[in-house]
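Report on the following structure.
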Amino acid sequence: QVQLVESGGGLVQAGGSLRLSCVGSGRISSVAAMAWYRQTPGSVRELVALVTSTGIKKYGDFMQGRFSISGDNAKKTVSLQIDDLKPEDTGVYYCNMALRERAFTPASPYWGQGTQVTVSS
């Protein structure tokens, strides 16, 4: 079965940086897209950044240019670099991958358990 494992979250001071990582494992034939979402207190889960298997990147609205996503299809990994962290960035960050367990079949979404990011002021 497919499993996504996130790492890199923690407690940081405002203005600092974090690099979140996610690794997929299990029965994975190919990657369609990889992404990071976040859910801040009192809000719905929102897209932070996405990268397709062809290298096209998309960022969520109002991300202030502080987020950068990078992925490796062969290694089944995706990272999110966050610079100039602000207290409002506090929340749970979730790794998401659209994956094919078998070749030439529709991709299905998979989610990690989430990693907590806490930014102190």
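Assorted remarks:
- Here Ser121 clears all of (1) in contact with a helix residue (DSSP H, G or I) (Cβ under 8 Å, 6 or more places away or on another chain); (2) at pLDDT 95 or above except the condition numbered (2).
- Wholly within the range 4-89, strands (runs of 3 or more DSSP E) carrying at least 3 residues that are surrounded by 14 or more Cβ atoms within 10 Å (Cβ to Cβ) and touching a residue at least 40 places away in the same chain (Cβ under 8 Å): 18-25, 30-39, 77-82
- Filtered residue count, the range 90-106, keeping only those that are modelled with pLDDT under 95 and open to solvent by less than 60 Å² (accessible area, probe 1.4 Å): 2
- Filtered residues of the range 8-45 (kept if closer than 19 Å to Ala74 by Cα and under 15 Å from the mean Cα position of the chain (by Cα)): Leu20, Ser21, Cys22, Val23, Gly24, Val31, Ala32, Ala33, Met34, Ala35, Trp36
The values are calculated or read from the model by the stated rules, or taken from the named source; none is laboratory data. Fair warning: this is a prediction, and the values are worked out from it, not measured in the lab. With ideal geometry, Cβ positions are generated from the backbone for all residues, glycine too; neighbour counts draw on all protein chains shown. Ligands, DNA and RNA are stripped out before the accessible areas are found, and what is left, the full protein with its side chains, is counted by its heavy atoms. Shrake-Rupley method; radii C 1.70, N 1.55, O 1.52, S 1.80 Å.
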